[in-house]
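Novice: I'd like to ask some things about the structure below.
The values are calculated or read from the model by the stated rules, or taken from the named source; none is laboratory data. Everything numeric here is computed off the predicted structure, so don't read it as measured data. Virtual Cβ from ideal backbone geometry, glycine too; neighbours counted across all protein chains shown. Calculation scope for accessible area: heavy atoms of the full protein, side chains included, ligands and nucleic acids excluded. Shrake-Rupley method; radii C 1.70, N 1.55, O 1.52, S 1.80 Å.
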Amino acid sequence: MRFDEKQVRRYEAWFQTEPGRIALEREKALLEYLISPWPRRNQRLLEVGCGSGLFLEMFWQTGFDVSGIDPSPPMLAAARQRLGKAADLQVGHAECLPYEDKEFDFVALVTVLEFCDDAQAAIAEAVRVARKGVLIGFLNRRSFYYLTNGKCWPWTDCQGPLRNARWRTWPEVWDAFMAEAGLRPSRARSVLPGPPWSWRDRALCRLLNGILYPPGLGAFAAVRFDLVGEKPLTPIMAWKVEPRAS
């Protein structure tokens, strides 16, 4: 699915609302938690379907050398405005990436499979161009969010992009990756188990939606697949005290 300029403005504006801000905050926290074992210095990360760069900016801020690809020129224009020269951005499709085998250390697909014509091909391409690991974030079809925003009820906007999305389940994502790489997930969790009206900046709501749940419960789930058995390195920013020489 290619977003036009009107849809991009609508997409960006939603994240300025209270529910959108809370959702983005929790989604970023989940992704940061999952990739915490990955090394960062001189590590290249490609985000497939990077959109307007909301998550690509987070990956860059955590220390990766980032690149992004997306089929929508208006989305990439918003990403360029957000990231400037910090990211290499290209127009392209997840099912046919214009990169060499193992060109990147890590590849991330965040809410991309929902809009792919061939999700299995997108996963195969991510595995092909990644050398060390793949991160997948997806909208959970077995969630309150799907019941309120993924179905076309009489009181909802049936023309919204989520109505055309192919929402996924945790077993579907696991099986699809196993078919391409033959690897079990390294770690998977989800956030935002409550309906959108609970995505508020109130104590009880933040407690409900701030916990990391099993991948089949929350509206947004993510899974990390490590392609190599490399020992995780602690990112420099994670040191809490000054290291001492032995």
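Novice: Take the residues in the stretch 104-139 that are part of a loop (DSSP other than H, G, I, E, B) and closer than 24 Å to residue 214 by Cα, then tell me which one is farthest from the chain's Cα centre (by Cα).
Specialist: It comes out as 112.
Novice: Can you tell me how many residues within the stretch 1-41 are open to solvent by 50 Å² or more (accessible area, probe 1.4 Å), part of a helix (DSSP H, G or I) and among the small types (Gly, Ala, Ser)?
Specialist: So the answer is 1.
Novice: Give the residues of the stretch 164-207 that are of a type in the set (Lys, Arg), closer than 18 Å to residue 219 by Cβ and assigned to a strand (DSSP E or B), sorted by residue number.
Specialist: Listed by number, the residues that qualify are 168, 189.
Novice: Another question, then. Would you check which residues across the stretch 64-95 are open to solvent by 50 Å² or more (accessible area, probe 1.4 Å) and under 17 Å from residue 131 (Cα atoms) and list them?
Specialist: Within the stretch 64-95, just 65 meets the criteria.
Novice: List, please: which pairs have Cβ atoms under 8 Å, are six or more places apart or on different chains, and start with a residue in the stretch 61-77 that is closer than 18 Å to residue 37 by Cβ and at pLDDT 95 or above and end with one that is in a helix (DSSP H, G or I) and of a type outside the set (A, V, I, L, M, F, W, C)?
Specialist: 62/32
Novice: Which of the following residues is at pLDDT below 90, open to solvent by less than 80 Å² (accessible area, probe 1.4 Å) and either within 22 Å of residue 22 (Cα to Cα) or out of contact with any Phe, Trp or Tyr (no Cβ under 6 Å at 6 or more places or on another chain) (or both): 152, 205?
Specialist: So the residue among 152, 205 that is at pLDDT below 90, open to solvent by less than 80 Å² (accessible area, probe 1.4 Å) and either within 22 Å of residue 22 (Cα to Cα) or out of contact with any Phe, Trp or Tyr (no Cβ under 6 Å at 6 or more places or on another chain) (or both) is 205.
Novice: Considering every residue within the stretch 39-58, establish whether at least one is at pLDDT 95 or above and in contact with a Cys (Cβ under 9 Å, 6 or more places away or on another chain).
Specialist: yes
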